[in-house]
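Where a number appears in this text, it was derived from the coordinates with a stated rule and is not lab data. Please read these numbers as outputs of a predicted model, since none were measured by experiment.
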Ligand SMILES: C[S@@+](CC[C@H](N)C(=O)[O-])C[C@H]1O[C@@H](n2cnc3c(N)ncnc32)[C@H](O)[C@@H]1O
């Protein structure tokens, strides 16, 4: 069944993160506020907000309208602030005490459809390595949602990195690259 807040937006439907993955990630994050960059239609936001107050950012106002509907449907809109901002020219200043920063960039290079995955972090939108280095100024804990087999070496300078696989029928659908101070975590079957 297609949720009403996704009707007519096949790209958003393709990119939305499964709720189970979002909840699993939320449970790993210690108490406190979460900064979510590239929130899309709020697939991750819904799970994160179950355990944390969230500030969610995306550059696409229509996606933020869908996120608001998504959160409203779940009755958790009061736990989330939404900001429209192009993260290649962010107006937010690093700092503050954030329990974690969660990043879910578009996996495709500029001008490509969502299913054409980029071969490296910097070819994603926004460039995910650059975004992660900036995000490190908000929290010692980063979680990037990335396609399988992404080269995580560019993140190594930001702290310890572990790939936490999310599986569908035993095969990796995507992973969270956990950077910094995270517990060791077993793969999750979605
Ligand atoms: C993979 S989707 C996020 C999916 C989301 N986590 C969900 O579960 O619904 C990537 C998002 O990155 C956003 N994005 C791409 N470039 C951006 C930029 N420069 N600044 C802010 N957001 C950007 C897109 O608008 C899109 O909503």
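Just to be sure I understand: with springs between alpha-carbon atoms less than 10 Å apart, which residue in 46, 31, 63 has the highest mean-square fluctuation in the Gaussian network model of the chain?
Highest fluctuation of the listed residues: 31.
Between 27, 171, 125, which gets the highest mean-square fluctuation from a Gaussian network model of the chain, Cα cutoff 10 Å?
171
For region 146-189, what does the alpha-carbon gyration tensor say about shape, rounded, prolate or oblate, given a ≥ b ≥ c as the root eigenvalues, a/c under 1.5 as rounded, and a/b over b/c as prolate?
Working: a/c = 3.91, a/b = 1.59, b/c = 2.45.
Because a/c hits 1.5 or more and a/b fails to exceed b/c, region 146-189 counts as oblate.
Mind running the shape call on region 29-147? Use the C-alpha gyration tensor, a ≥ b ≥ c as the square roots of the eigenvalues: rounded below 1.5 for a/c, prolate if a/b tops b/c, oblate otherwise. Walk me through the intermediate numbers first.
Details: a/c = 1.77, a/b = 1.23, b/c = 1.44.
Taking the square roots of the gyration eigenvalues as a ≥ b ≥ c, region 29-147 is oblate.
With a/c under 1.5 counting as rounded, go ahead and sort region 5-64 into rounded, prolate or oblate using the C-alpha gyration tensor (a ≥ b ≥ c being the square roots of the eigenvalues; past the cut-off, prolate if a/b is larger than b/c, else oblate). Intermediate results must be reported in sequence, preceding the final value.
Details: a/c = 2.90, a/b = 1.63, b/c = 1.78.
Note, shape of region 5-64 comes out oblate.
Once region 78-162 is represented by equal point scatterers at the alpha-carbon sites, with solvent omitted, what log10 I(q)/I(0) does the Debye formula produce at q = 0.12, 0.22 Å⁻¹?
Evaluating at q = 0.12, 0.22 Å⁻¹ gives log10 I(q)/I(0) of -0.37, -1.16.
Normalised by the residues of region 4-189, what does the relative contact order come to in percent, with Cα pairs under 8 Å and at least six apart? Mind showing how you got there, number by number?
On the way: 376 pairs, mean separation 30.4, N = 186.
It rounds to 16 percent for region 4-189.
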